Amino acid sequence: MNLPELTWSLLNRALDAYADSPRATNWLRGHLARFTEPLRLAVTGPHKSGRSTLVNALAGQVVANGPEPTRHHVPATRSQPALMLIDTPPVDAEAAEPGSLERICLEADAVLYLIGHPHNADPSFLRTVQDHPVARAAPVNALVVLSRADELGGGRVDALISARQVARRYRRETELAGLCQDIVPVAGLAAQAGRTMTETEFETFAALAAVPKAELEPLLLSADRFSAEEARAALLSRFGLFGVRLAATLVRGGVDSQAGLAAQLLQRTGLSELRDAIARYFTDRVGVLKARSALIGLEVVLRMEPRPAAAPLVTELERLLAGAHEFAELRMLAALRTGRARLPEELKEEALRLIGGYGDDPPTRLGVAGPEPQLRQAAFGALRLWQQYAENPVLGAAERRAALTVVRSCEAMAMAPGL
Amino acid sequence: MASPWLGVLDDTIQACGAHARPDLVERLRSRRAELAGPKVRVLVLGESGQGKSQLINGLVNAPVCAVGDDVTTSVPAVVQHAEAPAAAIVTGDEGRSLEGPGRVPAPVESVTARANRDSGAVRAEIGLPRKLLETGLALVDSPPIGSPASQHTHRTLAVLPQADAALLVSDATKELSPSELDLIGRVQRFCPTVAVVLTKTDLVPGWRRVAERNRARLEQDGLAAPVIPVSASLRLAAAKSGDKALNEESGYGALVRYLHQDLMGHVDLLRRRSVAALIHMTVEQLGAPLRERLAELREGGTDELTARWRAAGNRLEELQRESARWQTVLSDEVADLIADLDFDLRERTRRILREAEEYFEVADPAKDWPEFEEWLRDNLRSVAETNSNWLLDRFEWIARKIARQVAPRTGDVLPEALLGAESRDHIGDLRMPNVERFGLGQKLFVGMRGSYSGLLMFGLATTLAGMPLINPISLGAGAAFGAKSIFEERGNRLKRRQAAAKTAAHRHVDDFFLTYGKQSKDTVRLIHRELRDRCTTVAHELRTEIADTAKRIKQVIDADTAERGASARELARAIEQLNLLYRRGHALATTHAVRGLTA
């Protein structure tokens, strides 16, 4: 049985053990119900970090524009499974009301933590998120988003490229990297505008692009100059100077339809990258993250209402956590992708595939399509190969540790009953 | 230039010397040399990514400071006037390195980039022929201020005391954060002339509102700092195209005016303010330990000593009370002891006498005397032993009891010799009473006397019957009478002997009682006296000791208090002097306030 199934049965057993406590029963039932819901993704960050903007950008429509926390259900599309987006209150030390942090931690399955400037980022929120017996097993449910990537690059058209460089440095070097899966830059305002662009806006851009370059450039020099006309001011407040410059450049470069421009903006504001990361780390592994949330909920019950009947459950929970290879896999996946863990190039691809970086089902993992005996044979082959890597003295200690994680994945597949 | 502030500064340096702070003297001396020179250093500082380096590039219209989107500047860069463009990287730690600072010339365009990469560099120096810098203005680019522990923050703060004015750079995308406001407050303590430069106004449409809010916030926090909004990209574009209007729009015109007129136009005021801040800080640094010590002195650290002194006094009083008590207790106990001993002795001797009398009811002293004598001797010895042991035991008990009262905390105060009083022989010689012997002659004589009357009685009677006076009958009667009188005489003599023996025993026991009793009482008195003397000595010693301690403590307290008073006065005088300096420094800064600098 894998982690979600084990968690499911554990929750049901807990429900039996706490049948006489209405509070515990309610709580556990809620967690059981959450299991089948779409992933809950909390978008959180300090004051003015662009939480609502990013929620809108991810949702593709203006759903959050007030200070109140909102929930928005994003139905499944071809490119993206269903998501429950949660816009949260700011988590700054001064602005946050007490308990809001804990509520976010309990309510969300995964967290996007927005920071404007990574230099002054305060990782204490992420530390709080990971500060729980279950969460401590592996920090697999957080992504850091540099939500003001355009400002980081001074609003230049190539701002996102330099923001990516900044992100790359941070995901390798700093404390932030140990607290999240990945660090992704997004130009939030432009992304939101790109997702919700109207026909008139596109027309304004088209008109702008038609203006001769010598006339347009002085206009684009500063926000003040550009917003001199009312239509342009509205455009500026929607897209930001970066968005305006980017869109104008794109239209001038030959993008001739609203959909084309929207798609390009999606790419160039980093939103598609963010969506990929969310898919890769969160929605593809929704079962594991749901199990994680459920285990946290279960731990709360076991801790708050200890009773003799629940004692075996505590042991069971501990065993489950100690043996939860899924968390290690997720962590390893991020480490390999972000460069925190290194393997020789030819091994890296295979390792990513085996730990489920391209798909969670065994055929994809093993790269073999066929009946069960064939798959099992492939699994054993991979297992033997990676056992050798894990003991290979040519590889460094960190690389051998990474290889060991892959070995466990192979073992799990080779031993799985219904492969 | 004999400015009044130089005098005040020199006085401050002297005060530092007087307070044995060579580090401060050193610092102030070098600062004084800087202040006396023509240069005005303007430090550009702020959090990371706000556009500090870009601001300087805009001011000198040349890309001299390396800019980038990530943390770029890691060492300070000084941009100042030079006839021809020149640049150098300064390496080595100025303060500590043995080799001293080294200077490596480098191309002007890449000097900061190289200095930022070079781990040994402490700063980059750039000389440019600019009209703005001609008057002695030097712009200092600094690494970003971030977490207090980071090396960048440390480097910037290390430059801060040398700055004559500071430009805090904050970008227009957001208002001043609490940490920035806090930074302004901290900077103003070193360098009172601070302006906030709002950069990147080209990027956001709402920068005017941000600037207004910043002004309001600064005013609310009581921080005197003008807010100057600028846009470096507009300035660079204007420089490229030579567009005067664009230049004005960029805000740099206002900034240059601020630097040129408000700062460089009032160098003397700047100096005064810097000196005032410097003196303020120095006085604070010098004064804080003084005030602390003064407070400590006033608090009075003699609490513990005083408590001990009081305790000693109490102890003395207690001892005084105890001494009267233990003496009474001792005499009471001894009187009891004497009475008890007397009774015990009397009772024991009486029993012996009774037994002796019973013995002599039947025994014949003539035969049994030696046996009796031995018995009596043994008995009396055991009486003496028991009695004197009891005495010693009692005394030991009394002694311990008294010792506990006299010196409860000192150990055993009693000498062993006191209790080891030897027991002497009190029994003496027991003489055998005079026993008259009933010898053969006496028996014959008594027999004859008895038989004489019998013979005569019966002889006379038989003469009547015609018999001669001496006849067998009278002879027989005489013999019978003689024998009887001998028996009677023997019985009488035994009685007399027994009575004599009893009397002798009586007298002997009485003698024993008398001598032993006397001896015993003497011992009791002797021990009593010795015990009393001993205890008195101990108590006295204890008293003297405590009294001495109390006296010593009192002396220490007195000396301490006197010393405290003296040093408190000394400290107060020193603080007063520092305050005077402070007031003089303060007066420097407030003499003629110039509009514009105070915002």
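Looking at the stretch B:148-170, can you tell me whether even one residue there is farther than 13 Å from B:Leu259 by Cα and over 52 Å from the mean Cα position of the chain (by Cα)?
Scanning the stretch B:148-170, I find at least one residue that is farther than 13 Å from B:Leu259 by Cα and over 52 Å from the mean Cα position of the chain (by Cα), so the answer is yes.
Note on the stretch B:146-175: residues that are open to solvent by less than 10 Å² (accessible area, probe 1.4 Å) and within 14 Å of another protein chain (Cβ to nearest Cβ) amount to 6.
Answer yes or no: is there a residue in the stretch B:510-519 that is open to solvent by 70 Å² or more (accessible area, probe 1.4 Å) and over 30 Å from B:Leu330 (Cα atoms). Yes - at least one qualifying residue is present in the stretch B:510-519. Taking the stretch B:113-127 as the range and being open to solvent by 10 Å² or more (accessible area, probe 1.4 Å) and either within 14 Å of chain A (Cβ to nearest Cβ) or closer than 25 Å to B:Gly49 by Cβ (or both) as the test, the residues that pass are B:Ala113, B:Arg114, B:Asn116, B:Arg117, B:Asp118, B:Ser119, B:Val122, B:Arg123, B:Glu125.
Considering each residue of the stretch B:245-263, count those that are closer than 22 Å to B:Val204 by Cα and either surrounded by fewer than 20 Cβ atoms within 10 Å (Cβ to Cβ) or of a type outside the set (A, V, I, L, M, F, W, C) (or both), and give that number.
9
Return the total of residues in the stretch A:264-292 being open to solvent by 30 Å² or more (accessible area, probe 1.4 Å) and under 13 Å from A:Ala57 (Cα atoms). Number satisfying all stated conditions: 4. The set of residues from the stretch B:274-312 being among the hydrophobic types (A, V, I, L, M, F, W, C) and closer than 30 Å to B:Ile546 by Cα comprises B:Leu297, B:Leu305, B:Ala307, B:Trp309, B:Ala311, B:Ala312. Residues in the stretch B:234-279 that are within 11 Å of another protein chain (Cβ to nearest Cβ) and touching a Ser or Thr at 6+ places or on another chain (Cβ under 9 Å): B:Leu234, B:Arg235, B:Leu236, B:Ala237, B:Ala238, B:Glu249, B:Ser250, B:Gly251. Taking the criterion of being under 23 Å from A:Asp150 (Cβ atoms) and modelled with pLDDT of 90 or more, would at least one residue in the stretch B:176-194 satisfy it? No, because not a single residue in the stretch B:176-194 is under 23 Å from A:Asp150 (Cβ atoms) and modelled with pLDDT of 90 or more. The residue that is farthest from the other protein chains (Cβ to nearest Cβ), among those in the stretch B:68-87 that are more than 60 Å from the chain's Cα centre (by Cα) and open to solvent by 40 Å² or more (accessible area, probe 1.4 Å), is B:Glu83. Taking the stretch B:203-231 as the range and being facing another protein chain (nearest Cβ under 10 Å) and modelled with pLDDT of 85 or more as the test, the residues that pass are B:Trp207, B:Arg208, B:Ser231.
Considering the stretch A:373-399, and only residues there that are open to solvent by less than 80 Å² (accessible area, probe 1.4 Å) and charged (D, E, K, R), the residue that is farthest from A:Asp284 (Cα to Cα) turns out to be A:Glu399. Please determine whether any residue of the stretch A:132-140 is more than 13 Å from chain B (Cβ to nearest Cβ), out of contact with any Leu (no Cβ under 6 Å at 6 or more places or on another chain), open to solvent by 20 Å² or more (accessible area, probe 1.4 Å) and not basic (Lys, Arg). Taking every residue of the stretch A:132-140 in turn, at least one turns out to be more than 13 Å from chain B (Cβ to nearest Cβ), out of contact with any Leu (no Cβ under 6 Å at 6 or more places or on another chain), open to solvent by 20 Å² or more (accessible area, probe 1.4 Å) and not basic (Lys, Arg).
Taking (1) open to solvent by 10 Å² or more (accessible area, probe 1.4 Å); (2) away from every other protein chain (no Cβ under 14 Å) in turn, A:Leu126 satisfies each apart from (1).
In the set (1) away from every other protein chain (no Cβ under 12 Å); (2) outside any helix (DSSP H, G or I); (3) over 30 Å from A:Ala135 (Cβ atoms); (4) of a type outside the set (S, T, N, Q), the condition left unmet by A:Ala193 is number (2).
Hey, could you check the stretch A:238-267 for residues that are out of contact with any Lys or Arg (no Cβ under 9 Å at 6 or more places or on another chain) and among the β-branched types (Val, Ile, Thr) and say which is farthest from the other protein chains (Cβ to nearest Cβ)? Restricting to residues being out of contact with any Lys or Arg (no Cβ under 9 Å at 6 or more places or on another chain) and among the β-branched types (Val, Ile, Thr), the top hit is A:Val255. Within the option set B:Leu24, B:Leu45, B:Leu55, B:Leu59, being under 54 Å from the mean Cα position of the chain (by Cα) and buried (at least 24 other Cβ atoms within 10 Å of the Cβ) holds for one residue only, B:Leu45. Of all residues in the stretch A:293-303, those that are open to solvent by 20 Å² or more (accessible area, probe 1.4 Å) and either in contact (Cβ under 8 Å) with a residue 40 or more places away in the chain or among the aromatic types (Phe, Trp, Tyr) (or both) total 2. Out of the stretch A:91-118, which residues are open to solvent by less than 40 Å² (accessible area, probe 1.4 Å), within 14 Å of chain B (Cβ to nearest Cβ) and modelled with pLDDT under 80? Passing the criteria: A:Asp92, A:Gly116, A:His117, A:Pro118.
Candidates are the residues of the stretch A:19-47 that are part of a helix (DSSP H, G or I) and among the basic types (Lys, Arg); the one that is most open to solvent (accessible area, probe 1.4 Å) is A:Arg23. Being among the polar types (S, T, N, Q), open to solvent by 30 Å² or more (accessible area, probe 1.4 Å) and assigned to a helix (DSSP H, G or I) is a property that does not hold for B:Asn387.
For the stretch A:163-183, the count of residues that are facing chain B (nearest Cβ under 10 Å) and β-branched (Val, Ile, Thr) is nonzero.
Scanning the stretch B:489-516 for residues that are more than 19 Å from B:Arg377 (Cα to Cα) and in contact (Cβ under 8 Å) with a residue 60 or more places away in the chain yields B:Leu494, B:Arg496, B:Arg497. Identify the residue in the stretch A:329-349 that is open to solvent by 20 Å² or more (accessible area, probe 1.4 Å) and in contact with a helix residue (DSSP H, G or I) (Cβ under 8 Å, 6 or more places away or on another chain) and, among all such residues, is farthest from A:Leu395 (Cα to Cα). Checked the stretch A:329-349; the qualifying residue farthest from A:Leu395 (Cα to Cα) is A:Arg337.
So, in the stretch A:223-237, exactly how many residues are within 11 Å of chain B (Cβ to nearest Cβ) and either within 16 Å of A:Phe202 (Cα to Cα) or β-branched (Val, Ile, Thr) (or both)?
6
Inclusion of A:Gly356 among residues that are touching a helix residue (DSSP H, G or I) at 6+ places or on another chain (Cβ under 6 Å) and part of a loop (DSSP other than H, G, I, E, B) is warranted.
The values are calculated or read from the model by the stated rules, or taken from the named source; none is laboratory data. All figures in this text were calculated on a predicted structure; none of them were measured in a lab. In this analysis, Cβ positions are derived from the backbone assuming ideal geometry, glycine residues included, and neighbour counts consider all displayed protein chains. Note: accessible area is taken over every heavy atom of the protein model, side chains too, but ligands, DNA and RNA are not part of it. Shrake-Rupley method; radii C 1.70, N 1.55, O 1.52, S 1.80 Å.
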